[in-house]
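Engineer: First the structure, then my questions, so here it is.
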Amino acid sequence: MIRIGFGYDVHRLVEGRKLIIGGVEIPFTKGLLGHSDADVLYHAIADAFLGSLALGDIGQLFPDNDERYRDIDSGLLLQEVYRRVRERGYCLNNLDAVIVAQKPKLLPYISKMRENLAVLLNTAIENISVKATTTEGLGFAGREEGIAAYAVITVKEVLENG
Ligand code: MG
């Protein structure tokens, strides 16, 4: 039994914040604004996991008015989401994501993001795809006002007898 999940997230780019995407701190003049560390990729992936089993969304699970989640490492949020997926008898099959950013160039950081995700989700790196694109200057991403991420995942039922 395979199920599919889709996630989308956007965070605003502002001065005075670290830029953290896929658990990687990326040197840049701006960072993403949010209640947590605003890791837009991890948020999109967490929402895709929740969607795959119709478990709601991360806004419901980790409200942004809850002080426990202020500046929290989104890797911890993703781990908690994945724990819930496992609890229901499913595990990751594969994941494909796109980060939409005009700047900075993300290619040098993609392999580290994949590695981080493979460790977090206890899977082989071949099951994790992360890509990046610009919007050729169009829209909020093109104007460098924000960064978006999309993620699609499939999860499979873990069978008791292998
Ligand atoms: Mg978010």
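The values are calculated or read from the model by the stated rules, or taken from the named source; none is laboratory data. Quick caveat: nothing in here was measured; it's all calculated off a predicted structure. When we count neighbours, we look across all protein chains shown, and the Cβ atoms used for this are built from the backbone with ideal geometry, even at glycine. Surface accessibility is based on the protein's heavy atoms, side chains included, excluding ligands, DNA and RNA. Shrake-Rupley method; radii C 1.70, N 1.55, O 1.52, S 1.80 Å.
Engineer: With all protein chains present and a 1.4 Å probe, how do Glu145, Glu15 order by accessible area, largest first?
Structural biologist: Result, largest first: Glu15, Glu145.
Engineer: Continuing with this model, one more query. Determine the order of Lys105, Lys30, Lys131 by accessible area, beginning with the largest, at a probe radius of 1.4 Å.
Structural biologist: Ranked list, largest accessible area first: Lys105, Lys131, Lys30.
Engineer: Report the net charge of residues surrounding Gly89, where surrounding means a beta-carbon distance below 15 angstrom and charges are Lys +1, Arg +1, Asp -1, Glu -1.
Structural biologist: +3
Engineer: May I pose another question? So for the stretch 2-157: antiparallel DSSP bridges make up what percent, rounded to the nearest 5?
Structural biologist: Restricted to the stretch 2-157, the bridges split so that about 80 percent are antiparallel.
Engineer: If you don't mind, another one. Please list, in order, the residues from the stretch 12-26 whose amide nitrogen is less than 18 Å from a point placed 7 Å along the Cα→Cβ vector of Arg143.
Structural biologist: Zone members listed by number: 12-15.
Engineer: Still on this structure, please answer the following. Considering only protein heavy atoms, what is the solvent-accessible area of His11 at a probe of 1.4 Å, reported in Å² to the nearest 10?
Structural biologist: 30 Å²
Engineer: Could you tell me the calculated FRET efficiency between Glu160 and Glu15, based on Cβ-Cβ distance and R0 = 45 angstrom, to the nearest 0.05?
Structural biologist: 0.30
Engineer: Sum up the charges of everything whose Cβ sits under 15 Å from the Cβ of Ala141, counting Lys and Arg as +1 and Asp and Glu as -1, but leave Ala141 out.
Structural biologist: +2
Engineer: So which of Lys103/Lys156; Lys112/Lys156; Lys30/Lys112; Lys105/Lys156 end up more than 31 Å apart, counting from Cα to Cα?
Structural biologist: Lys103/Lys156; Lys105/Lys156
Engineer: Ignoring ligands, DNA and RNA, how do Met113, Met1 rank by accessible area with a 1.4 Å probe, largest first?
Structural biologist: Met1, Met113
Engineer: May I pose another question? To the nearest Å, what is the center-to-center distance of the stretch 67-82 and the stretch 83-117, using C-alpha atoms only?
Structural biologist: The stretch 67-82 and the stretch 83-117 have Cα centres separated by 15 Å.
Engineer: Moving on. On alpha carbon coordinates alone, what is the Rg over Rh value for the stretch 1-68, Rh being the Kirkwood radius?
Structural biologist: Ratio value, two decimals: 1.04.
Engineer: Given +1 on the Cβ of Lys and Arg, -1 on the Cβ of Asp and Glu, and no further charges, what dipole in debye does the chain carry about its Cα centre, rounded to the nearest 20?
Structural biologist: 260 debye
Engineer: Could you give the alpha-carbon Rg of the chain over 2.2 N^0.38 Å, rounded to two decimals?
Structural biologist: Normalised by 2.2 N^0.38 Å, the Cα Rg of the chain equals 1.01.
Engineer: How far, in nm, would the chain grow between Lys105 and Phe6 when pulled straight, counting 0.36 nm per residue and subtracting the alpha carbon separation?
Structural biologist: So the chain would gain 33.2 nm between Lys105 and Phe6.
Engineer: Same structure again: Probe 1.4 Å, all protein chains in place: accessible area of Leu76 in Å², nearest 10?
Structural biologist: For Leu76, the solvent-accessible surface is approximately 90 Å².
Engineer: Quick one: if you stick a label point 7 Å off each Cα along the C-beta vector at Arg68 and Thr29, how many nm between them?
Structural biologist: Using points 7 Å along Cα→Cβ, the separation is 3.9 nm.
Engineer: If you don't mind, another one. Would you tell me the accessible area of Phe6, worked out with a 1.4 angstrom probe on the heavy atoms of the protein chains, in Å² to the nearest 10?
Structural biologist: Its heavy atoms expose roughly 120 Å² to the probe.
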